[in-house]
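Reading through the structure tokens given below for one structure.
No lab work stands behind these numbers, since they all come straight from the coordinates. What you are looking at is a predicted structure, and each value in this text was computed from that prediction instead of being measured. So basically every Cβ, Gly included, is an ideal-geometry build from the backbone, and we count neighbours across all protein chains shown.
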Amino acid sequence: MPIRILLLVLSLTFGSAFAADDAASPPRVLLETSEGRIIIELAASEAPLSVANFVEYVKAGFYNGTIFHRVIPNFMIQGGGFTADMDQKETRGNLKNEAGNGLKNLRGTVAMARRAEPDSATAQFFINLTANDFLDHQNDTPAGYGYAVFGHVTEGLEVVDKIAATTTTSVGPMSDVPVQPIVIKSATVVTP
């Protein structure tokens, strides 16, 4: 009987410790692309609004069937807003810019794409191919606000590099569009 109680206590102790570790693990998103798999670990502590926004779009299936529509070697690959037919998807409202969160636009980091206004990001994101420190938060002016990093690639950086090497062209007013569409087949939240 005492051994059973000891085993029960150990089970409860270690079981709850493992559960606490799982709960504390950063969320991850798997992008299944036409070029391979990319896993992104999200920085929920540093960029809670951006991460919640991204996860909400993922869970809604928004990114499924979108493409990487802007690919610039030695800079970044951008996706999350257009279908393979170059139709722009309708998004929710704008997001508060979290570029001042201390995270830098280093190689393999993922950041929110936006227009010129600091708080204009919606669903589009980009993956940095190199250290792009000029995209980091410098000050609170529109020109210096920067682009909010909210995660980094933990698996599949070779897929990112493969995407970066694709041939691009212009489509209408847009340049740097891959000739062969690079599709995000699915985006899902995965357990670490």
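What the table shows:
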item: Selection of trypsin sites (Lys or Arg not before Pro), region 109-192, meeting DSSP coil and at most 11 other Cβ within 10 Å; result: R115
item: Prolate/oblate/rounded call for region 26-190, Cα gyration tensor, a/c under 1.5 rounded; result: rounded
item: Hits among lysines - C-alpha to C-alpha of K96 under 22 Å, sequence gap 8 or more where chains match; result: K59, K104
item: Exposure proxy ranking, count of Cβ atoms within 10 Å, fewest first, for H69, H137; result: H137, H69
item: Long-range HN-HN contacts of G151 with modeled amide H, under 5 Å; result: A43, V110
item: In nm, spacing of pseudo-spin labels at A116 and K104 (7 Å Cα→C-beta vector); result: 2.9 nm
item: Rounded, prolate or oblate (a/c below 1.5 giving rounded, otherwise prolate when a/b exceeds b/c) for region 134-192 by Cα gyration tensor; result: oblate
item: Mean separation of Cα contacts under 8 Å (6+ apart) over length of the chain, as relative contact order %; result: 31 percent
item: Label-to-label distance, nm, for residues given as E158 and K96 (7 Å Cα→Cβ offset); result: 4.1 nm
item: Helix-only CD estimate at 222 nm, as mean residue ellipticity for the chain, using -39500 (n - 2.57) per DSSP H run (n ≥ 4); result: -7500 deg cm²/dmol
item: Potential lengthening between A143 and N74 on full extension [0.36 nm per residue; Cα-Cα distance subtracted]; result: 22.6 nm
item: Residue-wise HN-Hα coupling along region 147-163, computed from phi with Karplus coefficients 6.51, -1.76, 1.60 (Hz; x: Gly, Pro); result: 10, 6, 6, 10, x, 8, 6, 9, 9, x, 5, 5, 5, 4, 5, 5, 4
item: Inter-site label distance for A52 and S34 at 7 Å from Cα along Cβ, in nm; result: 3.5 nm
